Amino acid sequence: MRDYEYEAPASLEEAVALLAEHPVAARPLAGGTDLIDHIRAQRLEPDLVVDIKKIPDLNVLELGDDGLRLGAAVPCYRIYGDAAIANSFAALADSCRIIGGIQIQSRASVGGNLCNSGPAADSIPSLIALGARVVIAGPGGRREVAVEDFCTAPRCNVLEAGELVVEILLPARPAVGGSHYRRFIPRNEMDIAVVGVAAAVELDESGENFVSARVALGAVAPTPLFVESAGAALAGQPVGDEAIAAAATAAREAATPINDMRGTIEFRKHLSGVLTERVVREAVARARGEETGYCIGR
């Protein structure tokens with residue numbers, strides 16, 4: 001690992017100033033579970049690492065009437081460890097429970113997972129399904145971007161020189177709503193999704209009809225994918241096999257995976273449909289308050 005300078009600013013303003021002063025050579029560190037590995041492997045060679053973990057603005061975790069404010073440096077365990085948050089934003093809690101092991105979850109943040117911008121990232125499909133927006137700060141002030149527009153290519157995103165993610169805003173969930181994230185991995189020793197699917201649904205008061213839905217896929221395109229057509233196939237339809245099958249078909253058609261060591265194009269497209277069906281059904285069950293016996297990893 002090459003030598004680099006280390007700074008731990010106490011305020012957002014200090015952090016932005018440091019990053020702006022070194023626009024190419026500086027990297028922000030939240031949990032560091034990805035960044036340190038990249039530096040060790042010489043995939044990244046920063047001259048300055050800016051530790052943002054102590055900045056209050058980036059550690060906000062607030063659930064209110066308007067939704068959830070999730071600071072970019074909040075570690076995963078705090079999200080699934082809060083019963084109210086885990087219940088309202090279940091898909092995000094699902095993701096946080098499977099990002100690495102317990103030790104990783106005590107450091108890794110959803111903000112860091114987002115900024116790493118991997119196509120197979122576990123948290124990003126959930127954020128997309130839940131309609132999240134990203135708050136970005138930089139030398140020019142603050143701006144917001146929808147999560148589905150944040151990633152631009154594998155490990156690339158919309159952040160400009162000197163900018164960092166401050167927080168992620170998730171709108172309040174509907175009264176009769178549920179969400180779920182599930183992935184398929186080739187074996188327990190390889191903790192990277194072959195396909196990941198998140199869905200968030202809103203049902204009417206009877207629980208028998210879809211009002212709206214959002215579906216997102218991971219590991220089947222250069223960036224995590226918002227499948228608007230899958231949600232459209234569910235919206236306004238009775239909850240049943242026909243509508244859910246139509247959403248699964250839309251997911252399969254939207255997927256543009258590659259062949260690699262984790263799976264073939266054909267297999268990944270098939271999985272996109274299978275997992276979409278299962279995830280939507282689980283989201284519906286959660287919206288209705290039903291117990292399905294679902295366990296992580298099954």
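The values are calculated or read from the model by the stated rules, or taken from the named source; none is laboratory data. For clarity, every value in this text was computed on a predicted model and none was experimentally measured. Note that we place each Cβ from the backbone using ideal geometry, even for glycine, and neighbour counts take in every protein chain shown. When the accessible area is computed, the model is the full protein with side chains, heavy atoms only, and any ligands, DNA or RNA have been set aside. Shrake-Rupley method; radii C 1.70, N 1.55, O 1.52, S 1.80 Å.
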_Based only on Cα atoms, what mean projected area does the convex hull of the chain have, in nm²?_
14.7
*Within the stretch 45-152, report the GluC sites (Glu not before Pro) that DSSP leaves as loop and that have at most 15 other Cβ atoms within 10 Å.*
none
*Kindly give the semi-axes, whole Å and largest first, of the ellipsoid equivalent to the stretch 216-298, taking each as the square root of 5 times a Cα gyration tensor eigenvalue.*
23, 16, 10
_Contact order normalised by length for the stretch 127-178, with contacts defined as Cα pairs under 8 Å and 6 or more residues apart; what percent is it?_
44
*Rg and Dmax of the stretch 1-101 over Cα atoms: what are they, in angstrom?*
15.7, 47
*Report the extension gain between ALA86 and ILE104 in nm, rounded to one decimal, defined as 0.36 nm multiplied by the number of residues separating them, less their alpha carbon distance.*
4.6 nm
_Let me spell out the model: positive unit charges on the Cβ of Lys and Arg, negative unit charges on the Cβ of Asp and Glu, origin at the Cα centre of the stretch 80-150. What dipole size does that give, in debye rounded to 20?_
200
*asked:* How tilted is helix 12-21 with respect to the longest principal axis of the chain? Cα atoms for both, answer in degrees (0 to 90, nearest 10).
replied: 70
*State, as an integer percentage, the relative contact order of the stretch 1-84 based on alpha-carbon contacts under 8 Å between residues 6 or more apart.*
32
*Around GLY231, what is the net charge, scoring Lys/Arg as +1 and Asp/Glu as -1 over all other residues with Cβ under 11 Å from its Cβ?*
-1
*Going from most exposed to least, what order do GLU5, GLU163, GLU202 have by accessible area with a 1.4 Å probe?*
GLU5, GLU202, GLU163
*Ignoring any ligand, DNA or RNA, what whole percent of the accessible area of the chain comes from carbon and sulfur when the probe is 1.4 angstrom?*
48
_Could you work out the relative contact order of the chain? I mean the mean sequence separation of Cα pairs under 8 Å and 6+ apart, divided by the number of residues, in percent._
16
_Dmax and Rg, reported as Rg then Dmax, of the stretch 31-85 (C-alpha, Å)_ = 14.6, 44
*asked:* Out of the trypsin sites (Lys or Arg not before Pro) in the stretch 1-77, which ones are loop residues according to DSSP with at most 14 other C-beta atoms within 10 Å?
replied: ARG2, ARG43, LYS54
_Cβ-isolated cysteines (cut-off 4.7 Å), the chain_ = CYS115, CYS151, CYS156, CYS295
*Formal net charge of residues neighbouring ASP122 (Cβ-Cβ distance under 13 Å; K, R +1; D, E -1)*: 0
